[in-house]
Amino acid sequence: MATIESILHEKRVFPPSDEFVRHANVSGLEAYRALCDEAQQDYLAFWARLARQHIDWHKPFTHVLDETNAPFYKWFDDGELNVSWNCLDRHLATNGNKTAIIFESDEGAVTHCSYRELHAQVCRFANALKSLGVKTGDRVLIYMPMRIEAVVAMQACARIGAIHSVVFGGFSAKSVRERAINAGACVIVTADQQTRGGKQHALKTTVDEALAMGGADCVRHVVVYRHTGATIAWNTPRDRWWHELIDNQSAKCDPVWVNAEHPLFTLYTSGSTGKPKGVQHSSAGYLLGAMVSIQWIFDFKPHDIFWCTADVGWITGHTYVAYGPLAMGGTQVIFEGAPTYPDAGRFWKIIQNHKVSVFYTAPTAIRSLIKLGADLPAQYDLSSLRLLGSVGEPINPEAWMWYYTVVGQSRCPIVDTWWQTETGSHMIAPTPGAIALKPGSCTFPLPGIDAAVVDEAGHAVPPGQGGFLVIKRPFPSQLRTLWNDPERFKQTYFPKDIAGGSYYLAGDSAQRSEDGYFWIMGRTDDVLNVSGHRLGTMEVESALVANPLVAEAAVVGKPHEIKGEAIVAFVVLKGIRPQGEQAAEITATLRDWVAREIGSIARPDEIRFGDNLPKTRSGKIMRRLLRALAKGETITQDTSTLENPAILEQLNQPGR
Ligand code: PRX
């Protein structure tokens, strides 16, 4: 894979075609600059205009931004709205019969769901939640397959002002338990199983395990959607079938009007400690970010068929599946399965069959599809595509060029979108009818987003120099706090030493080239990016040391051709260092163990055993050395401060 150095030397430039510019929502560089200038001249008036234009308010706001308790910013905070009403009801009069969702199952069955049908389903389920006693402000944990019902559950919560917390279906029982307890969830919505790539995976059984571990007494009910019909254990009266609950419910449910700042959801993500953090988003500011980014970056047109491949368990699946496309009144594809099932042509076939016009996926998927069939797209009719998107990790120029020429047939701009769970929506990404693209660069901030690269004191660094990526002014879609942990929120995102705590610190390093383009270089904290998914090294380490065989563990990332980053664990066992067959067996045991503790995305790619770990004389593990060892680099760093230099040779042997 290309290194950041080779990306920075990228000279190829791809301006938008005249045809694209002519029809673009932000048409030409001047139009982009005009929006930036508008924000520059009167920041609050700019956001207020957009909030009035895009959102239907039950009670209009008069305050735009309240900074009195910074960094706990409030936007539009005397206004009232309902997010589900904005996503559904407001389209009914003019677009009720328009297809909201084209759903394709793992096995290829296709269902079309109109706005009217989706609205009815959401209302029924919202009434069902109410029948279980769920009230405004209550938390509901959603652990569902990637099906229409996942969106229905999320929208139903929004409708009654309940705060959802979606947990990705690949996470373990322990992760479900931890999140349910932290959120204080009163209901868990799940399914019997999920199906992906022709295989079934337990969901309800995992929830049962999570609750059997104890501590989550807050959970009163588990609502189960019957998907595969698998036999599952049943716990009366706690467990309730989805279909029985909605059976007699009305297809009308008045939305609960909430304050603009009312939490819409929390979503757990990894940080630099072993404990995931519950990122809390607002209602109005979040919705606005989703809408303006779809308007500007995805160049939304009412006739588009939009397809974002992300699972609703991640922020991308929240903003660009469950909320944004619906709020815009668009038509989107939701796909239950995997890109390589039944073969590596599946994505291209879906694009062809449903005439997808805007396609948004992750570099890891692109790289794996190149590997499994670089010539496959040519066998499908991809002429419906007009815009491509990339998200979640840096895209290497080779993958970018393939995406551009083979998938987009050199006709479709690629929007490389940099953002995070915490920012809620795109922050740095090209407005495709205005900005010339460079492979590997997410280009320029969205209008109104004051992004910069600074040094440790918060001063701007010169072009070509790396630094911390920050956003200097509050913006509507940013996280409001960490659930149950306002102190960690302040310390992590608004550290005092950078500009007195007034900048949002993203946790990424970046640099700008002379011409102002942004290039993201990677995380500055102990967070890995494995196949576009965020994982804390400490989380994996805590899982490993929870195994009775393990005395100590250190986890680092190393570059991986497909996944972007792979997980390498250095492990010291309680007994003697295993070798040969025994090492292979323990490796397999520990890999499965981590998958069970956290989820299969955290399964280490490689485990190396040592008698101990490289530490300084004060006992600190030297991670930089471990990273170099994992990459197979020759150690050029000074190792004189190392307590036990001989260990390097032992750990230098590739693991399994
Ligand atoms: O390191 C950046 C990387 O993904 C991190 C955010 O991860 P998460 O909160 O899970 O959200 C992923 C989907 C928005 C960032 O801190 N990242 C995300 N998008 C890009 C990226 N790195 C480079 N280029 C991107 N386009």
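Anything in region 385-400 that is part of a loop (DSSP other than H, G, I, E, B) and within 12 Å of the ligand (Cβ to nearest atom)? List them, or say none. Once the filter is applied, which keeps residues that are part of a loop (DSSP other than H, G, I, E, B) and within 12 Å of the ligand (Cβ to nearest atom), region 385-400 yields 392, 393, 394, 395, 396. In region 588-612, the residue that is farthest from the chain's Cα centre (by Cα) out of those that are among the hydrophobic types (A, V, I, L, M, F, W, C) and in a helix (DSSP H, G or I) is 588. Among residues of region 471-484 that are part of a strand (DSSP E or B), those with a Cβ under 6 angstrom from a residue that is of a type in the set (Ser, Thr, Tyr), sequence gap 6+ or separate chain, pair up as 471/504. Screening the candidates 266, 309 for the property of being more than 18 Å from residue 153 (Cα to Cα), buried (at least 19 other Cβ atoms within 10 Å of the Cβ) and in contact with a strand residue (DSSP E or B) (Cβ under 9 Å, 6 or more places away or on another chain) yields one hit, 309.
The helices (runs of 4 or more DSSP H) found entirely in region 173-289 that carry 3 or more residues being touching a helix residue (DSSP H, G or I) at 6+ places or on another chain (Cβ under 6 Å) are 173-183, 204-212. Given the condition within 24 Å of residue 600 (Cα to Cα) and buried (at least 21 other Cβ atoms within 10 Å of the Cβ), answer yes or no: does some residue in region 106-128 qualify? Yes, region 106-128 contains at least one residue that is within 24 Å of residue 600 (Cα to Cα) and buried (at least 21 other Cβ atoms within 10 Å of the Cβ).
Against the list (1) buried (at least 24 other Cβ atoms within 10 Å of the Cβ); (2) of a type outside the set (D, E, K, R); (3) away from the ligand (no atom under 13 Å from the Cβ), the condition residue 453 fails is (1).
The set of residues from region 401-413 being touching a residue at least 40 places away in the same chain (Cβ under 8 Å) and either within 11 Å of the ligand (Cβ to nearest atom) or assigned to a loop (DSSP other than H, G, I, E, B) (or both) comprises 411, 413. Just one of the listed residues (363, 325, 339) is under 22 Å from the mean Cα position of the chain (by Cα) and either acidic (Asp, Glu) or surrounded by fewer than 23 Cβ atoms within 10 Å (Cβ to Cβ) (or both), and it is 339.
Going by the conditions given, is residue 218 under 30 Å from residue 481 (Cα atoms), in contact with an Asp or Glu (Cβ under 9 Å, 6 or more places away or on another chain), of a type outside the set (A, V, I, L, M) and touching a residue at least 12 places away in the same chain (Cβ under 8 Å)? Against the criterion (under 30 Å from residue 481 (Cα atoms), in contact with an Asp or Glu (Cβ under 9 Å, 6 or more places away or on another chain), of a type outside the set (A, V, I, L, M) and touching a residue at least 12 places away in the same chain (Cβ under 8 Å)), residue 218 does not qualify. Residues considered: 534, 488, 480, 473. Of these, the only one that is among the basic types (Lys, Arg) and within 12 Å of the ligand (Cβ to nearest atom) is 534. The residues of region 373-414 that are in contact with a strand residue (DSSP E or B) (Cβ under 8 Å, 6 or more places away or on another chain) and aliphatic (A, V, I, L, M), listed by number, are 385, 387, 388, 391, 395, 407, 414. Among the residues of region 44-83, those identified as assigned to a loop (DSSP other than H, G, I, E, B) and acidic (Asp, Glu) are 56, 67, 77, 78.
Yes/no per residue for (1) within 16 Å of the ligand (Cβ to nearest atom); (2) of a type in the set (S, T, N, Q); (3) closer than 30 Å to residue 506 by Cβ; (4) in the same structural domain as residue 122 (by the TED database):
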| site | (1), (2), (3), (4) |
| --- | --- |
| 196 | no, no, no, yes |
| 206 | no, yes, no, yes |
| 209 | no, no, no, yes |
| 221 | no, no, no, yes |
| 228 | no, yes, no, yes |
| 242 | no, no, no, yes |
| 254 | no, no, no, yes |
| 262 | no, no, yes, yes |
| 276 | yes, no, yes, yes |
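All conditions but one from (1) small (Gly, Ala, Ser); (2) touching a residue at least 24 places away in the same chain (Cβ under 8 Å); (3) part of a loop (DSSP other than H, G, I, E, B); (4) more than 19 Å from residue 516 (Cβ to Cβ) apply to residue 448; the one that does not is (4).
The values are calculated or read from the model by the stated rules, or taken from the named source; none is laboratory data. The shown structure was predicted, so the numbers you read here are calculated from the model rather than taken from an experiment. We place every Cβ from the backbone using ideal geometry, glycine too, and count neighbours over all the protein chains shown.
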